[in-house]
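Below you'll find the structure, written out as structure tokens, and then a few comments.
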């Protein structure tokens, strides 16, 4: 990927992450104005899982892109570590709440499995990234952070796919369970393709 395309991708990714993070904060307001009926009907929402998930995931979306700024890592390493620590805590907390929401969904067992696997993969990737940073294995840490943010970014792809399914007139009883996988599996696949291409480029340099 050329430098220009990489910069354009970072700008688009950051802008969409910030937009979705701000929109998702509505779930912290009393009554969650404008919230999706299926989301509000989640059985775990009554126990605060939705509020916790929305708040922490929104903060993770806001913080994540900053971790990929090479200048910040080089010039302000302490700030990079602090942002990373907060990001990790937000991801792990949001993933735990997301797992509760997966069990509480009213959209059926397929959606429960899809979102449950997302929560586990998100927590696992983020935990690996944190452990590698603590071990000063920074190259591997960066790879797992890319995977972690690809899964954090599922919040964005989910909110693209849901209205798209509605606009196409798809049966949401079928589309929603499919989107529980489609919102994150392609993200992770793209991250793996990028990491593989980067490894190949470094090997042939």
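Rule-based calculations on the coordinates, nothing more; no lab input. Owing to the predicted nature of the structure, the values given are computational and were not obtained by experimental measurement. Methodologically, a virtual Cβ is constructed for each residue, glycine included, from the backbone with ideal geometry; neighbour enumeration extends over all protein chains shown.
One table, with the values for the structure above:
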| read-out | value |
| --- | --- |
| Reported label for calculated mean projected area of the Cα convex hull in nm² given [x] 12.9; [y] 12.2; [z] 10.5 | [y] |
| Nearest 10 degrees, 0 to 90: helix 49-63 Cα axis against the chain principal axis | 30 degrees |
| Residue with peak Gaussian network fluctuation, the chain [Cα springs, cutoff 10 Å], from 109, 65, 30 | 30 |
| The chain: calculated mean residue ellipticity at 222 nm from DSSP helix runs of at least 4, using -39500 (n - 2.57) | -26000 deg cm²/dmol |
| Principal semi-axes in Å for region 148-203 [√(5λ), Cα gyration tensor, largest first] | 29, 10, 9 |
| GNM top mover of 82, 66, 130 - the chain, alpha-carbon springs below 10 Å | 82 |
| Helix 109-134 vs. the chain, principal-axis angle (Cα, 0 to 90°, nearest 10) | 30 degrees |
| Highest-MSF residue in the chain out of 96, 139, 107 [GNM, Cα springs under 10 Å] | 139 |
| Relative contact order (%) - the chain, alpha-carbon pairs under 8 angstrom, separation at least six | 19 percent |
| Estimated inter-spin distance, residue 43 and residue 69, nm [label 7 Å along Cα→Cβ] | 4.4 nm |
| Inter-part distance where region 154-205 and region 32-73 are each reduced to a Cα centre, Å | 18 Å |
| Residues 160, 39, sorted so that the one with the fewest Cβ neighbours within 10 Å comes first | 160, 39 |
| Nearest 10 degrees, 0 to 90: helix 3-24 Cα axis against the chain principal axis | 30 degrees |
| Per-selection Kirkwood Rh - region 1-91 (Cα, Å, 1 d.p.) | 14.8 Å |
| Highest-first arrangement of 163-173, 114-124, where packing means the average Cβ count within 10 Å | 114-124, 163-173 |
| Packing-based ranking, highest mean first, of 46-56, 194-204 given that Cβ atoms within 10 Å are counted | 46-56, 194-204 |
| Kirkwood Rh, angstrom, region 110-205 [1 / mean 1/r, Cα pairs] | 14.5 Å |
| Computed over region 68-145, Kirkwood Rh from alpha-carbon pairs, angstrom | 13.6 Å |
